[in-house]
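The values are calculated or read from the model by the stated rules, or taken from the named source; none is laboratory data. Nothing here was measured: the structure is a model prediction, and the numbers come from that model. Because the Cβ atoms are built from the backbone with ideal geometry, glycine has one as well, and the counts that use them run over all protein chains shown.
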């Protein structure tokens with residue numbers, strides 16, 4: 001009797017540039033199209049993976065997570081990409097590894113408390129601790145030399161001389177926060193939020209329902225203020241895509257070989 005192949009890890013990004021960097025390192029990728037999305041099956045650093053572009057927004061993220069869990073039976077989902085910084089110490093070029101996630105635009109009050117998912121009694125969904133620690137460790141190593149990671153031109157253009165790693169609350173909503181008034185309101189209402197994006201909390205909720213580990217690592221592309229749109233495409237292509245590949249790659253490389261037990 002042959003042992004079943006090990007379950008893959010899902011690597012998810014919202015934008016094509018980030019996914020393309022991962023796919024370029026998957027020599028045996030095989031495309032499977034489901035729900036209008038291309039799911040790429042293969043290996044990265046010896047680990048079985050499924051890479052997919054979720055598209056932007058909470059519904060798109062939730063659909064992608066459900067397909068990954070039902071069709072591909074992944075053992076964990078890791079979301080990578082960019083976010084806008086909210087906390088004062090979170091600057092462009094920093095990395096945020098989520099410890100918990102919340103939907104900042106969910107409000108069914110007065111029936112339920114603001115931010116609480118109706119009928120679940122939860123507003124915050126925990127990210128997987130072990131995966132988060134591994135991603136933070138990978139980020140610490142990668143960011144020691146930002147010039148080697150993204151090149152001198154990008155470091156100078158975006159002021160990436162001393163990027164930092166942060167761990168904490170990541171908030172998600174179905175709008176691109178791009179004004180100082182919006183970011184100020186989020187800081188007032190959610191003072192412990194580190195950064196804001198558009199997918200993570202929805203995917204975390206689906207993973208919670210299925211009991212499957214979820215992690216999110218985000219590169220800060222802007223300060224979610226009036227200048228948030230400036231050089232965004234260049235930042236994603238020259239910085240965030242390289243961060244994502246380096247962090248995900250280092251984390252996967254540190255995992256036990258496929259089929260081997262994890263260290264205790």
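Do you know which residues across the stretch 38-61 are buried (at least 17 other Cβ atoms within 10 Å of the Cβ) and without any contact (Cβ under 8 Å) to a residue 40 or more places away in the chain? 39, 40, 41, 42 - these are the residues of the stretch 38-61 that are buried (at least 17 other Cβ atoms within 10 Å of the Cβ) and without any contact (Cβ under 8 Å) to a residue 40 or more places away in the chain.
Being in contact with a strand residue (DSSP E or B) (Cβ under 6 Å, 6 or more places away or on another chain) and at pLDDT 80 or above is the filter here; which residues of the stretch 210-227 pass it?
In the first step, residues of the stretch 210-227 are kept if they are in contact with a strand residue (DSSP E or B) (Cβ under 6 Å, 6 or more places away or on another chain); the result is 213-224.
Once the filter is applied, which keeps residues that are in contact with a strand residue (DSSP E or B) (Cβ under 6 Å, 6 or more places away or on another chain) and at pLDDT 80 or above, the stretch 210-227 yields 213, 214, 215, 216, 217, 218, 219, 220, 221, 222.
The number of residues in the stretch 149-175 that are in contact with a strand residue (DSSP E or B) (Cβ under 8 Å, 6 or more places away or on another chain) and either farther than 19 Å from residue 218 by Cα or not in a strand (DSSP E or B) (or both) comes to 3.
The set of residues from the stretch 83-101 being surrounded by fewer than 24 Cβ atoms within 10 Å (Cβ to Cβ) and either without any contact (Cβ under 8 Å) to a residue 60 or more places away in the chain or more than 20 Å from residue 178 (Cβ to Cβ) (or both) comprises 88, 89, 99, 100. Output the residues belonging to the stretch 159-190 that are more than 30 Å from residue 116 (Cα to Cα) and either within 21 Å of the chain's Cα centre (by Cα) or modelled with pLDDT of 90 or more (or both). Answer for the stretch 159-190, where residues must be more than 30 Å from residue 116 (Cα to Cα) and either within 21 Å of the chain's Cα centre (by Cα) or modelled with pLDDT of 90 or more (or both): 160, 163, 164.
Taking the criterion of being out of contact with any strand residue (DSSP E or B) (no Cβ under 8 Å at 6 or more places or on another chain) and on the phi > 0 side of the Ramachandran plot, the only residue of the stretch 71-93 that qualifies is 73. Of the set (1) outside any loop (DSSP other than H, G, I, E, B); (2) touching a residue at least 60 places away in the same chain (Cβ under 8 Å); (3) touching a strand residue (DSSP E or B) at 6+ places or on another chain (Cβ under 7 Å), all apply to residue 68 but (2). Is it the case, given these coordinates, that residue 132 is modelled with pLDDT of 90 or more, within 17 Å of the chain's Cα centre (by Cα) and closer than 18 Å to residue 86 by Cβ? Answer is no for this residue.
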